[in-house]
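Chemist: Below is a structure I'd like to ask you about.
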Amino acid sequence: MKTTAIIGGSGLTELDSLNITHEKEIATPYGKPSAACVFGELAGQKIIFLARHGNPHRIAPHKINYRANLWALKQAGAEQIIAVAAVGGITPQMPPAKIAIPNQMIDYSYGREHTYFAEDENAVKHIDFTMPYDKTLRQQLINSANDLTIEATGVYACTQGPRLETAAEIRRLERDGCDLVGMTGMPEAILARELEIPYACCAVVANWAAGKVEGEISMDEIMQNLEQGMADTKQLLQQFFLSN
Ligand code: HPA
């Protein structure tokens, strides 16, 4: 099997089932990654783990050095990436604690360093991004669900954060065709594509998106749903590594 990197998001700062062999701080031309790369083994497979928001969790979505993170994973030997990300659920099939493997995305973020091809005018490249997630890796994740009920598709909206959305913004995202909303999907996915590393997302629904239920969204509610969703995600990953 290819060496797999797992990028852990909110609710997954550490992978406790990983038999850690070593950790390495990797310097990049783009600065420091969010954390050291953690090398280890899970279900007999070689894994590299990176905590997207740092460990402990401290870097806001718009402040993450995505270019350094992806570059470091490439340097570390990652041949494919599974990005675990907490999201809000917009459409009825995306209730709290559900896992979804999105197949499309819309990027609403702004002002982030979002390409490796900006330094030198001669190096401008227009990369195909028709299908933002790797087909094979997505299918392998979907096949690993076993008795977990997961959503095998979904459109991921990437907002800027760190604030949550207004109810009207969520209605707009829904009209745009989005099922899920998170803050870190981009530019992570395109940077992986630019580095030619297959990338797929395992989205864990933490809450109903703004305006989808009465009242405000609380961090307590988010953390509680994430606990269940991340437990299921670990099961999904375990099965993924056992069966591939
Ligand atoms: N919106 C954006 N990002 C999120 C949400 C949300 O409701 N929940 C978890 N990440």
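Chemist: So residue 225 clears everything in (1) under 16 Å from residue 93 (Cβ atoms); (2) outside any loop (DSSP other than H, G, I, E, B); (3) more than 13 Å from the ligand (Cβ to nearest atom) except one condition, right? Which one?
Modeler: Condition (3) is where residue 225 drops out.
Chemist: OK, next. Being over 19 Å from the mean Cα position of the chain (by Cα) and either β-branched (Val, Ile, Thr) or modelled with pLDDT under 95 (or both): is that true of residue 44 here? Explain how you work it out, then say what you get.
Modeler: Details: over 19 Å from the mean Cα position of the chain (by Cα): yes; either β-branched (Val, Ile, Thr) or modelled with pLDDT under 95 (or both): yes.
Criteria met by residue 44.
Chemist: Being part of a loop (DSSP other than H, G, I, E, B) and of a type in the set (A, V, I, L, M, F, W, C) is the filter; apply it to the stretch 94-109 and report the residue that is surrounded by the most Cβ atoms within 10 Å (Cβ to Cβ). Talk me through it step by step, then tell me what you get.
Modeler: Our first condition is that a residue be part of a loop (DSSP other than H, G, I, E, B); within the stretch 94-109, this holds for 94-98, 101-103, 108-109.
Checking the rest, the ones that are also of a type in the set (A, V, I, L, M, F, W, C) come to 94, 97, 101.
Numbers: 94: 22, 97: 18, 101: 24.
Only one residue tops the list, namely 101.
Chemist: Please count how many residues of the stretch 196-209 are surrounded by 21 or more Cβ atoms within 10 Å (Cβ to Cβ) and not in a strand (DSSP E or B).
Modeler: Going through the stretch 196-209 one residue at a time, the tally reaches 1.
Chemist: Which pairs turn up if I take residues in the stretch 160-174 that are of a type in the set (S, T, N, Q) and look for partners that are part of a loop (DSSP other than H, G, I, E, B) and more than 9 Å from the ligand (Cβ to nearest atom) with beta carbon separation below 9 Å, at least 6 apart in sequence or on another chain?
Modeler: Note: pairs meeting the criteria are 160/108; 160/109; 160/110; 160/111; 160/112; 166/211.
Chemist: Based on what the data block shows, is residue 112 surrounded by fewer than 16 Cβ atoms within 10 Å (Cβ to Cβ) and either more than 16 Å from the ligand (Cβ to nearest atom) or among the basic types (Lys, Arg) (or both)?
Modeler: Working: surrounded by fewer than 16 Cβ atoms within 10 Å (Cβ to Cβ): no; either more than 16 Å from the ligand (Cβ to nearest atom) or among the basic types (Lys, Arg) (or both): yes.
No: the conditions fail for residue 112.
Chemist: Restricting the search to the stretch 133-156, which residues are assigned to a loop (DSSP other than H, G, I, E, B) and either in contact with a Cys (Cβ under 9 Å, 6 or more places away or on another chain) or polar (S, T, N, Q) (or both)? Explain how you work it out, then say what you get.
Modeler: So in the stretch 133-156, the residues assigned to a loop (DSSP other than H, G, I, E, B) come out as 133-134, 144-149, 152-154.
Passing the criteria: 133, 144, 146, 149, 153, 154.
Chemist: Related question: Can you give me the number of residues within the stretch 177-190 that are within 13 Å of the ligand (Cβ to nearest atom), aliphatic (A, V, I, L, M) and under 23 Å from residue 142 (Cβ atoms)? Give the derivation first.
Modeler: Just the residues of the stretch 177-190 that are within 13 Å of the ligand (Cβ to nearest atom), to begin with: 178-186.
Among the residues that remain, those that are also aliphatic (A, V, I, L, M) are: 180-181, 183, 186.
So of that shortlist, the ones also under 23 Å from residue 142 (Cβ atoms) come out as 180-181, 186.
Summing the residues that are within 13 Å of the ligand (Cβ to nearest atom), aliphatic (A, V, I, L, M) and under 23 Å from residue 142 (Cβ atoms) in the stretch 177-190 gives 3.
Chemist: Kindly indicate the residue of the stretch 79-93 that is in a loop (DSSP other than H, G, I, E, B) and surrounded by fewer than 23 Cβ atoms within 10 Å (Cβ to Cβ) and also nearest to the ligand (Cβ to nearest atom) among those meeting that condition. First the steps, then the outcome.
Modeler: Step one: list which residues in the stretch 79-93 are in a loop (DSSP other than H, G, I, E, B), which gives 79, 90-93.
If we keep only those that are surrounded by fewer than 23 Cβ atoms within 10 Å (Cβ to Cβ) as well, we get 79, 91-93.
On the way: 79: 28, 91: 13, 92: 15, 93: 16 Å.
Result: 91.
Chemist: Taking the stated definitions as given, is residue 130 more than 16 Å from the ligand (Cβ to nearest atom), over 30 Å from residue 225 (Cα atoms), over 16 Å from the mean Cα position of the chain (by Cα) and of a type in the set (S, T, N, Q)? Reasoning before the result, please.
Modeler: Values: more than 16 Å from the ligand (Cβ to nearest atom): yes; over 30 Å from residue 225 (Cα atoms): yes; over 16 Å from the mean Cα position of the chain (by Cα): yes; of a type in the set (S, T, N, Q): yes.
When the stated conditions are applied, residue 130 passes them.
Chemist: Consider residue 193 against the criteria (1) in a helix (DSSP H, G or I); (2) away from the ligand (no atom under 14 Å from the Cβ); (3) charged (D, E, K, R); (4) over 15 Å from residue 66 (Cα atoms): it satisfies all of them except one. Which criterion is unmet?
Modeler: Among (1) in a helix (DSSP H, G or I); (2) away from the ligand (no atom under 14 Å from the Cβ); (3) charged (D, E, K, R); (4) over 15 Å from residue 66 (Cα atoms), the lone unmet condition for residue 193 is (4).
Chemist: Name the pairs: first residue in the stretch 231-244 and β-branched (Val, Ile, Thr), second residue modelled with pLDDT under 95 and surrounded by 17 or more Cβ atoms within 10 Å (Cβ to Cβ), Cβ to Cβ under 8 Å, at least 6 apart or on different chains?
Modeler: As it stands, the answer is 233/12, since those pairs meet every condition given.
The values are calculated or read from the model by the stated rules, or taken from the named source; none is laboratory data. Just so it is clear, the model here is predicted, and its values are computed rather than measured. Using ideal geometry, Cβ is built from the backbone for each residue, glycine included, and neighbour counts are taken over all protein chains shown.
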